[in-house]
Amino acid sequence: MTAGATRYPLEGVVSWNMNTTCNYRCSYCTQRFVDDRGQWAKDLPRFIAAFAALPGDWEIKLSGGEPFRHPDFIPTVRALVEARRRVSVVTNFAAPLEELRAFAEATRARPGLISASLHLEYAEPNEVLAKVQALAPHHAGRIVVTCVATRANLPRLEEIKHAYDAAGVTFRIQPEKQDRDVIDYDDGERDQLIKLGGHNGTGSIDPSFAGRACWAGARYFIVDHRGDAFRCYPARRQRRESLGNLLDGTFRVRVDPEPCRYSYCNCTVPQQRGMVDTRRS
């Protein structure tokens, strides 16, 4: 094992951006410049087979775009469950409650996480909270609500977090990114973001783990709707550290942890799952 690496993660995680389709057009969306917002994974049996063939236990985190807009979303969830994979989802939570309940029911035997994005340009906090409360009895896993901390949103976030905390619902913020990097918050804004928990509750805004051994590439990776896989989100952003393509026979998952090569890490899965040493020097 590489020096400084954390223990072998018993459950690996895949972030599968299974489509670019979305019913929202948020002003701060990092995908708003994608040329075609109407693409989705089509060769689903080969995707399912590839995920089923991964060594050991894995969680598949479905995202997009908006994954509930994929025409075969629920059948894909059921197929992944049948392949003995835990399934989570990152969603704007705009899907009808019956579709959200169908996801909860499909994943009941081995529930994953529902990460519901609160987009204040399209939804009101009390409406999303009521929907979470209506879904919670049907979902055996966790439901977390996140919100992008734009400068327009910042004045509202403390009050929203207080209301969600009082209702027993986890509320987390995500820093706004432009050109794929965190915007230039001033010191007061950064203090406010830290008080709100930092990026996804990690306590940091734009952390760097450069040079530290990380299991990304071995027990975590990103794959898009075409099957192209990369070690992590920064790797995909810079088009580096490709793992090949899941569908054409070139995909190879790594075996050991390797040093992080990026000055900014926005991959919260390795941070939250103990796949990288997050201790401050």
Matching residues, segment 95-133, being in contact with a Phe, Trp or Tyr (Cβ under 7 Å, 6 or more places away or on another chain) and more than 19 Å from Val269 (Cβ to Cβ): Ala95, Glu99, His119, Tyr122, Val128, Leu129, Lys131
What number of residues within segment 127-163 satisfy the criterion of being part of a helix (DSSP H, G or I), in contact with a strand residue (DSSP E or B) (Cβ under 8 Å, 6 or more places away or on another chain) and aliphatic (A, V, I, L, M)? 7
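How many of the residues in segment 231-262 are over 23 Å from Arg7 (Cα atoms) and free of Cβ contacts under 8 Å to residues at least 60 places away in the same chain? Walk me through how you get there before you give the answer.
Step one: list which residues in segment 231-262 are over 23 Å from Arg7 (Cα atoms), which gives 236-240, 242, 244-251.
Filter once more, keeping what is free of Cβ contacts under 8 Å to residues at least 60 places away in the same chain: 236-240, 242, 244-245, 248-250.
Selection size over segment 231-262: 11.
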As an exercise: evaluate Ala123 against (1) farther than 19 Å from Tyr24 by Cβ; (2) surrounded by fewer than 19 Cβ atoms within 10 Å (Cβ to Cβ) and give the number of the one condition it does not meet. (1)
Taking into account only those residues within segment 200-239 that are among the acidic types (Asp, Glu) and part of a strand (DSSP E or B), which is farthest from Ala116 (Cα to Cα)? Asp228
With the requirement that a residue be at pLDDT 95 or above, over 20 Å from Gly64 (Cβ atoms) and not basic (Lys, Arg), what does segment 217-242 give you? Gly217, Ala218, Glu241, Ser242
Let me confirm something: among Val90, Val77, Val34, Val14, which residue is closer than 24 Å to Ile183 by Cα, of a type outside the set (Phe, Trp, Tyr) and modelled with pLDDT of 95 or more? Val90
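Ala94 - would you say it is under 18 Å from the mean Cα position of the chain (by Cα), assigned to a helix (DSSP H, G or I) and of a type in the set (A, V, I, L, M, F, W, C)? Lay out the reasoning, then the answer.
Values: under 18 Å from the mean Cα position of the chain (by Cα): yes; assigned to a helix (DSSP H, G or I): no; of a type in the set (A, V, I, L, M, F, W, C): yes.
When the stated conditions are applied, Ala94 does not pass them.
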What are the pairs, 6+ residues apart or on separate chains, where a residue within segment 164-189 that is closer than 17 Å to Cys29 by Cα has its Cβ under 7 Å from a residue that is of a type in the set (Asp, Glu) and assigned to a loop (DSSP other than H, G, I, E, B)? Pro175/Asp206; Val182/Asp206; Ile183/Glu176
Among the residues of segment 162-182, are any in contact with a Ser or Thr (Cβ under 6 Å, 6 or more places away or on another chain), of a type in the set (A, V, I, L, M, F, W, C) and closer than 28 Å to Pro96 by Cβ? no
I'd like the full set of residues that are assigned to a loop (DSSP other than H, G, I, E, B) and either over 26 Å from Glu59 (Cβ atoms) or aliphatic (A, V, I, L, M) (or both), limited to segment 108-126. Ala109, Leu118, Leu120, Glu121, Tyr122, Ala123, Glu124
Note on Arg172: of the conditions (1) part of a helix (DSSP H, G or I); (2) crowded, with 19+ Cβ neighbours inside 10 Å; (3) charged (D, E, K, R), unmet is (1)
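The values are calculated or read from the model by the stated rules, or taken from the named source; none is laboratory data. Remember, it's a predicted structure, so these values are computed and weren't measured experimentally. For neighbour counting, all protein chains shown are included, and Cβ atoms are generated from backbone atoms with ideal geometry for every residue, glycine included.
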